Amino acid sequence: MHYQPKSDLLENRIILVTGASDGIGREAALTYARYGARVILLGRNADTLQKTEQAINQLNKQPASSLLLDLAQATPESCQQLADQVAALVPRLDGVLHNAGILGEIVPLEELDPQIWRDVMQINLDATFYLTQALLPLLLQSDAGSLVFTTSSVGRTGRAGWGAYAVSKFATEGMMQVLADEYKNRHLRVNCINPGGTRTKMRASAFPEEDANLLKTPADLMPLYLYLMGDDSRRKTGTSFDAQPGRKAGPATA
Ligand code: NDP
């Protein structure tokens, strides 16, 4: 995406990012902080989350806060407790980036272990729903809230072997559309980002043979991640955006 954000795009904005310990979520958290946001980091691993927090604090911008939540264990109650912790830190949320996710196993559905199906649905879908419900009151305190879900090209067209992950992303697209319609007359926009093949641990586990140097890095995707959190996207809702428009799904080729 060709988008040149103003350097103060996110000043006075408060944004929560899930999966902020690694990969795209870590980069998004750092980028939002660079553009002036106060960022709340969510993750399950205190050490890696702390590293993101330290990197943000070294920017000498707004300091970040970290909150721990293992989405594999998340319930409506634990997500409500998390929302209470957030409310004790900040008066509102102007943005939530649901980025955390797992791949599960790449095998035909016929062979997919039902426990892996449940784990993927719990982390990618159920916990995302519980967290969204719990955080909506804080988002509605914003004069222009932005709720962003993370999808995938296999969440739009099914692909053999992508099993529970693909189904969870189809459902994520559905959740985004339902919420966008429910809030279409309110000051909350709801959209999805499809990062497209990106150089992260998840991608390497899906395509171990691929040359990662042929892939975009998380930093390359940030124009779209910024656009959806800033005022320039105020009127956009109900859309599934591609961070790499035109990229063909599947392994990168030279
Ligand atoms: P990574 O595996 O690099 O990072 C995933 C993040 O999610 C990590 O911070 C991880 O935490 C967190 N996470 C995983 N499980 C849990 C859990 N149980 N509780 C809390 N946090 C958890 O993945 P990417 O950065 O590649 O992916 C980010 C998003 O983008 C995902 O939703 C993915 O589906 C999507 N996506 C990625 C693509 C790609 O090519 N990379 C392509 C299309 C979509 P921890 O560090 O503790 O493991």
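The values are calculated or read from the model by the stated rules, or taken from the named source; none is laboratory data. What you see is a predicted model, and the numbers here were worked out from it, not measured in a lab. Every residue, glycine among them, receives a Cβ derived from its backbone with ideal geometry; neighbour counts consider all protein chains shown.
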- Give the range 38-87 a look and list any residue that's in contact with a Ser or Thr (Cβ under 7 Å, 6 or more places away or on another chain) and of a type in the set (Asp, Glu), or say none. 53
- Task: Check whether at least one residue in the range 116-124 is in a loop (DSSP other than H, G, I, E, B) and modelled with pLDDT of 95 or more, and report yes or no.
- Result: no
- Query: Can you pull out the residues in the range 30-65 that are surrounded by 20 or more Cβ atoms within 10 Å (Cβ to Cβ) and without any contact (Cβ under 8 Å) to a residue 40 or more places away in the chain?
  - Reply: 30, 33, 39, 41, 49, 52, 53, 56, 64
- Message: Could you check the range 15-42 and list, in sequence order, the residues that are touching an Asp or Glu at 6+ places or on another chain (Cβ under 8 Å) and within 12 Å of the ligand (Cβ to nearest atom)?
- Response: 41
- Message: Among (1) within 16 Å of the ligand (Cβ to nearest atom); (2) closer than 28 Å to residue 2 by Cβ, there is one condition residue 171 misses while meeting the rest; what is its number?
- Response: (2)
- Pairs, first over 15 Å from residue 26 (Cα atoms) in the range 208-231, second in a helix (DSSP H, G or I) and away from the ligand (no atom under 14 Å from the Cβ), C-beta under 9 Å, six or more apart: 227/233; 229/32
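Residues in the range 86-93: is at least one crowded, with 24+ Cβ neighbours inside 10 Å and assigned to a loop (DSSP other than H, G, I, E, B)?
Yes, the range 86-93 contains at least one residue that is crowded, with 24+ Cβ neighbours inside 10 Å and assigned to a loop (DSSP other than H, G, I, E, B).
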- Would you please name the residue that is surrounded by the most Cβ atoms within 10 Å (Cβ to Cβ), looking only at residues in the range 219-241 that are closer than 18 Å to residue 182 by Cα and charged (D, E, K, R)? 236
